[in-house]
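Step one of this worksheet: look at the structure below.
The values are calculated or read from the model by the stated rules, or taken from the named source; none is laboratory data. From a predicted model like this one, the values you see are computed outputs, not experimental measurements. Cβ coordinates were reconstructed from backbone atoms using ideal geometry, including for glycine residues, and neighbour counts include every protein chain displayed. These area figures cover heavy atoms from the full protein model, side chains too; ligands, DNA and RNA do not enter into them. Shrake-Rupley method; radii C 1.70, N 1.55, O 1.52, S 1.80 Å.
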Amino acid sequence: MDTPIADLSFEDALRRLEEIVHKLETGDAKLGEALDLYEEGTRLRQQCSARLDAAQARIEAIRLDAEGRPVGVAPFDNANS
């Protein structure tokens, strides 16, 4: 892979991770290549997880008053508070 993992979009990182999983599941890779793929897959999974966490932190939930009228927004994590 030529593009650094940090520079990949979420979709591209996930696509590459799926390719790696498929190759490892089919057993087509020799041991050395399989280890390299596993390590790359681990980094891709971490990158995807970090991007999802960042996206979730940006999501806001609309807060409603007792009568159901919008009164503001709250971070996603506090939406049920």
- Item | Computed FRET value (nearest 0.05) for Phe10 with Arg69, which takes r as the C-beta separation and R₀ as 41 Å | 0.70
- Ile5 accessible area, nearest 10 Å², 1.4 Å probe? 30 Å²
- Item | Rounded D (µm²/s) - the chain, Kirkwood Rh over Cα pairs, Stokes-Einstein at 25 °C, 0.890 mPa s | 161 µm²/s
- With each label point set 7 Å from Cα along the Cα-Cβ vector, what nm distance links Glu39 and Ala57? 2.8 nm
- Query: What angle do you read, to the nearest 10 degrees and between 0 and 90, between the alpha-carbon axis of helix 10-26 and the longest principal axis of the chain?
  - Reply: 40 degrees
- Query: To the nearest 10 degrees, how steep is helix 31-58 against the longest Cα principal axis of the chain, on a 0 to 90 scale?
  - Reply: 10 degrees
- Query: Arg63's amide H: which non-local residues (gap 5+, or another chain) put their own amide H closer than 5 Å, with H modeled 1.01 Å from N in plane and none for Pro or chain starts?
  - Reply: Val71, Gly72, Val73, Ala74
